[in-house]
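One structure below.
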Amino acid sequence: MINVVGFSKCYEQFLAVDNLSFSVQPGQVLGLVGRNGAGKTTTLRSINGIIPLSQGTIEVDGFSIDSNPIELKQRTAYVPDDPQLFEDLTVEQHLQFQASVYQISDPADEMTRLLQMFELSPKRHNAASSLSRGMRQKLAICCAYLQQPKVLLLDEPMTGLDPQGIRVLKQSIKEQAKRGAAVIISSHLLAMVEDICSHVMVLDCGKTKFLGELAELQEQFAGDQTPDNQSLEQAFFSALGDAQHVVGAELGLSNANAE
Amino acid sequence: MMQSTTQPLSGSLWHPALQRLLRFQTKAKFRRLFASFRNPRKKVISIVAVLLGLMWLSQTILSVLFREAADPDQIGFWLPLGLFIYSLWHLIKISTRQVVEPFEWTPAEKEFVIAAPVTRTQQITYRLTSIATAALAKAVCFSVIMSPDIRVWYAGFFGMLLGLAFVDLVRVLFELFFYGLGKAGRRVVQLVVLAGAGGCFLYAISNCLIAQTANSDLSSPGALLFFKNFIAEITSLAQSQVGQSLMAPFAVFSKFALSPETNIVLFKNMFLAVGLNGLAVAAVYVLDRWMQRRGRQKEVANLKTAIAQKANADDSAAVQSNRKIRVPARLGGVGSLLWRQLLGVKNYRGTVAFSLTVPVLLSCLPLLANHNPGMMLLNLIASMVFYSFLLLPSALILDYRRDINRMAVLKSLPISSLAMTIGQLAVPVLMCCLFQAVVLTIGAASGKVILWQAILAGVLLVPVNVLIFAAENYIFMLAPYQRNKEGFDVFLRTILTFTGKGLFFGLALGLALLWVTIVVRTHNYFALSNWFSTSAFTLGVWGVTLSLAWFFVLSITKRFERFDPSQDTPGVG
């Protein structure tokens, strides 16, 4: 479904993503993890055609970002980490706009379902400017889900959500994958990645450190650790080559505490 | 172990951290200004900016060197009147637009300054200092331009600085007062302001009309004469007892700036000018405290209303959620964008209506002259094009300029770049057409313009409107900026943009003149019919305008495709 080959992106002189290649099939949920500035958001934005590529090709459902950007976008939904909504449009008007752009003919039932699911029904006629951070996030997610995308790109989707919202979102992502969507989630919440992702990609300084199934990551990088340490977190640090650094930091902290 | 060394500093006006922030911001502004010149992505626009800057500078120097000093009495009258009208404009704008929080804190300031452990007084001092910094840049430019009229240079500079700072302080006072009022109070102020300003305007217009009707010798230069009469009426209003009282504070700055020599009168005016600013600053602190108190009272009242309404809210939401949802027609994406921008027009209908009323009234002025219908139509068209070019782009910000922070969202939509550009330009162009339709309708209804010619003119003007907004958006896309920002960089940008647009307008006028010369020569040489030559001229101008408009639309489309939200979105401060 998503096919990325040799993708690189630089900002001025800074190489943000370096020769990235991967693919995500329908029903798969890929977790994109890495340090701040690893290139996660750049990758997601490039897949959706928001920012131009410096090199490489990106295809969604066989449509290339270079030759068929409209068809690609028609099949893709992107939820940014900080949703920039149209401040004077109401919640319902945002969904109407989305329905219009993505040619959804009779969206009323789906709109009502989504608004109820994310507890936005009482805010249906409120302007986006009056919504809280979490509600803005929920609205952006509703807009993305309304179009029933084949590819779902979520950048830090849990930001600002309440526990109920997080639970609903996790469940809904699983449902989207079950429906046949290819999902990529960028997140620092490793527990969440562990919970819902079938695959994981560890990025560091724009390069792939690991790409594969979740179990493989744990097997490969947390090999001879005790069961307690065989967590995704331990594997993540090992993949980044930071195991020593983390242990050192912990020792430093305990020494300081001891003093 | 780290320890907090921060003192409360609650008694002082200034907090050192805010002083430092201001210093950093000022440095950053210049750094950003020069960095944009070094950015390879902005090489061309930087060269254009430098050229325009040089052009503006040389024109200013020439005008300063070769301009004769204006009559001291005239300038002594018009300078305070200018400052007064500028303040009045602020008052009208504040009382008619949607209520905004005073001081216009940027998102970063809300997070770092409002949330910081500093007193409200220190926050206000910080904001007033940034306002004064912006006034400083303006004062430098104004005092340079006015140097032939200024006798004592330091008085000229400080007089302008204090005068401009006072206007800004008056604006802040209006904002605080208006924000502190309740709904009913705001409505009353709105009515008083609109009735007062509108009454003066109508009084002046009606006096002009009476004078015009009484004078039977009026012929072709009627519009010019009307304009002169109008200025005379405004002058007499300003010279009336009430006018003099209202302008008295502003006259202090003008007297100080235009002091003929260093003497006791200069120092007296300087003392008064500084004192007025001091009073205004003190009034800002006092009014802000009142506004905060009013805010708390409103909170309590709102809470009561909210509790009373809460019981019904869920039921009504459930009922409303079951109704039929109308999806706007997509039309390749143009329809969706058009619908969304039209919602903006609906939400800001008061502001939009007011913004269009002024150009309608100004454009109708030629109707007061006595011309044959053909000449009248030409005058009306020239007037409409001029005001469409001058006033409407800043009044109808319903295009890319409104969406600079949502470019990532726009780019993610499955809409082609061309459709995106057309959709973004559609609403301002439609509103501009509406404005022209109203003027032409008034012309036709008054019997001074032939109806079918008015309709034809309306249709022929559509490419002009596209050109105006496409050029505005193209300039914006070349060097995007955040709206509602003030400061030296914005001031510089405004000057450069205006110079660029003026050049473009002059060039277009020159080309039109060249074309009319060619048509007239050809007409005389081949003894062509009038109808043929007129059609050839009109079609030529229309064709070139249409081609230029299309060129700009395609250029914006290219810019939108190349726009990288990660790199090209300007900082919000």
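The values are calculated or read from the model by the stated rules, or taken from the named source; none is laboratory data. Because the structure is a prediction, the values reported are computed rather than measured. Glycine gets a Cβ as well: all are built from the backbone with ideal geometry, and neighbour counts include every protein chain shown. Side chains included, ligands, DNA and RNA excluded: accessible areas come from the protein's heavy atoms. Shrake-Rupley method; radii C 1.70, N 1.55, O 1.52, S 1.80 Å.
Using protein chains only and a probe of 1.4 angstrom, how many square angstrom of B:Glu104 are accessible, to the nearest 10?
70 Å²
So if we plug the beta-carbon distance of B:Gln453 and B:Leu509 into 1/(1 + (r/R0)^6) with R0 = 22 Å, what FRET efficiency do we get, rounded to 0.05?
Values: r = 22 Å, r/R0 = 1.01.
FRET efficiency, B:Gln453 to B:Leu509: 0.50.
Within a Cβ distance under 12 Å of B:Leu22, other residues only, what is the Lys/Arg minus Asp/Glu net charge? Mind showing how you got there, number by number?
On the way: positive: B:Arg20, B:Arg23, B:Lys27, B:Lys29, B:Arg127; negative: B:Glu109.
Around B:Leu22, the surrounding residues sum to +4.
Averaged across the residues of B:403-413, what count of C-beta atoms belonging to other chains lies within 10 Å of each residue's C-beta?
Values: counts 2, 1, 3, 5, 2, 9, 9, 2, 9, 12, 10.
Whole-number average of other-chain Cβ neighbours for B:403-413 is 6.
Using the Cβ atoms and a cut-off under 13 Å, what net charge is assigned to the surroundings of B:Leu266, where Lys and Arg are +1 and Asp and Glu are -1? Walk me through the numbers before you get to the answer.
Details: positive: B:Arg151, B:Lys255, B:Lys268; negative: B:Glu261.
Once positives and negatives cancel, what remains is +2.
Hey, how many Å between the Cα centroid of the stretch B:276-294 and the Cα centroid of the stretch A:61-102?
Going from one Cα centre to the other spans 46 Å.
Using a 1.4 angstrom probe with every protein chain in place, what is the largest-first accessible-area order of B:Glu299, A:Glu119?
Values: B:Glu299 120, A:Glu119 95 Å².
Most to least solvent-accessible, the answer reads B:Glu299, A:Glu119.
Roughly speaking, what is the stretch gain from B:Ser58 to B:Arg562, that is 0.36 nm per residue apart minus the C-alpha to C-alpha distance, in nm to one decimal?
On the way: separation 504, 0.36 × 504 = 181.44 nm, distance 3.40 nm.
The B:Ser58-B:Arg562 span can extend by a further 178.0 nm.
Can you give the translational diffusion coefficient of the stretch A:2-258 in µm²/s, computed by Stokes-Einstein from the Kirkwood radius over Cα pairs at 37 °C and 0.692 mPa s? Intermediate values should be presented prior to the final figure.
On the way: Rh = 19.4 Å.
Result for D is 169 µm²/s.
What per residue convex hull volume, in Å³, comes out for the stretch B:446-568 when only alpha-carbon positions are used? Can you show the working numbers first?
On the way: hull volume 18.6 nm³, N = 123.
Once divided by residue count, the hull of the stretch B:446-568 is 151 Å³.
Seen from all sides and averaged, what is the projected area of the convex hull of the Cα atoms in chain B, in nm²? Spell out each step's value before the answer.
Details: hull surface 142.8 nm².
Result: 35.7 nm².
Across the residues of A:97-105, average count of Cβ atoms on other protein chains within 10 Å? Provide the component values of the computation, followed by the final result.
Working: counts 8, 3, 6, 13, 11, 5, 5, 3, 1.
Mean shielding by partner chains, rounded to a whole number: 6.
Set the Förster distance to 35 Å, then compute FRET efficiency between B:Ser147 and B:Ser394 from the Cβ-Cβ distance, nearest 0.05. Each step should come with its number before you reach the end.
Working: r = 29 Å, r/R0 = 0.82.
In this case the efficiency is close to 0.75.
Using heavy-atom solvent-accessible surface (probe 1.4 Å) with all chains present, what is the largest-first order of A:Tyr11, A:Tyr102, B:Tyr525? Write out the running numbers ahead of the final one.
Details: A:Tyr11 45, A:Tyr102 15, B:Tyr525 180 Å².
Ranked from most to least accessible, the order is B:Tyr525, A:Tyr11, A:Tyr102.
Taking +1 at the Cβ of each Lys and Arg and -1 at the Cβ of each Asp and Glu, which of A:Ala239, A:Ala177, A:Ser67 sits farthest along the dipole of chain A towards its positive end, judged by Cα position relative to the Cα centre?
In chain A, that residue is A:Ser67.
What does the C-alpha gyration tensor say about the overall shape of the stretch B:71-296? Classify as rounded when a/c is under 1.5, otherwise prolate if a/b is larger than b/c, or oblate. Intermediate values should be presented prior to the final figure.
Values: a/c = 2.41, a/b = 1.32, b/c = 1.82.
Oblate is the answer for the stretch B:71-296, as a/c is 1.5 or above yet b/c matches or exceeds a/b.
Membrane-span-like helices in chain B: DSSP H runs reaching 27 Å or more (Cα, own axis), mean Kyte hydropathy at least -1.0?
Numbers: long enough: B:16-38 (33 Å, -0.37); B:43-66 (34 Å, 1.99); B:72-96 (36 Å, 0.76); B:120-145 (38 Å, 0.70); B:153-180 (40 Å, 1.47); B:183-214 (45 Å, 0.99); B:264-321 (75 Å, 0.16); B:417-445 (41 Å, 1.86); B:488-526 (57 Å, 1.18); B:530-562 (48 Å, 0.62).
Qualifying helices, which must be both long enough and hydrophobic enough, are B:16-38, B:43-66, B:72-96, B:120-145, B:153-180, B:183-214, B:264-321, B:417-445, B:488-526, B:530-562.
Using only protein heavy atoms and a 1.4 Å probe, report how much of B:Trp56 is accessible, in Å² to the nearest 10.
60 Å²
Estimate the FRET efficiency between A:Lys170 and B:Phe24 by the formula 1/(1 + (r/R0)^6), using the beta-carbon distance for r and 45 Å for R0, to the nearest 0.05. Please report the intermediate quantities before stating the final value.
Working: r = 42 Å, r/R0 = 0.93.
Efficiency computed from Cβ-Cβ geometry: 0.60.
Relative to 2.2 N^0.38 Å, what does the C-alpha radius of gyration of the protein assembly as shown come to as a ratio? Two decimals please.
On the way: Rg = 31.3 Å, N = 832, 2.2 N^0.38 = 28.3 Å.
Taking the Cα Rg and dividing by 2.2 N^0.38 Å, one obtains 1.10.
Could you work out how much longer the chain between B:Asn302 and B:Ala283 gets when fully extended? Use 0.36 nm per residue separation minus the Cα distance between them, nm to one decimal.
Numbers: separation 19, 0.36 × 19 = 6.84 nm, distance 2.75 nm.
So the chain would gain 4.1 nm between B:Asn302 and B:Ala283.
Based on DSSP, what percent of beta bridges with both residues in the protein assembly as shown are antiparallel, to the nearest 5? All intermediate terms of the calculation are to be shown ahead of the outcome.
Details: 21 of 39 bridges.
Looking only at bridges with both residues in the protein assembly as shown, the antiparallel portion is about 55 percent.
As a test of the formula, what do you get for the protein assembly as shown when each DSSP H run with n ≥ 4 contributes -39,500 (n - 2.57) and the sum is divided by the residue count, at 222 nm and rounded to the nearest 500 deg cm²/dmol? Before the final figure, lay out each step's value.
On the way: 30 runs with 545 residues, N = 832.
Estimated from H runs of four or more residues: -22000 deg cm²/dmol.
All other residues with a Cβ under 14 Å from the Cβ of A:Phe86 taken together, and with Lys, Arg as +1 and Asp, Glu as -1, what is their net charge? Provide the component values of the computation, followed by the final result.
Working: positive: A:Arg136, B:Arg340, B:Lys346, B:Arg402, B:Arg406; negative: A:Glu87, A:Asp88, A:Glu92, B:Asp399, B:Asp403.
Charge balance near A:Phe86 sits at 0.
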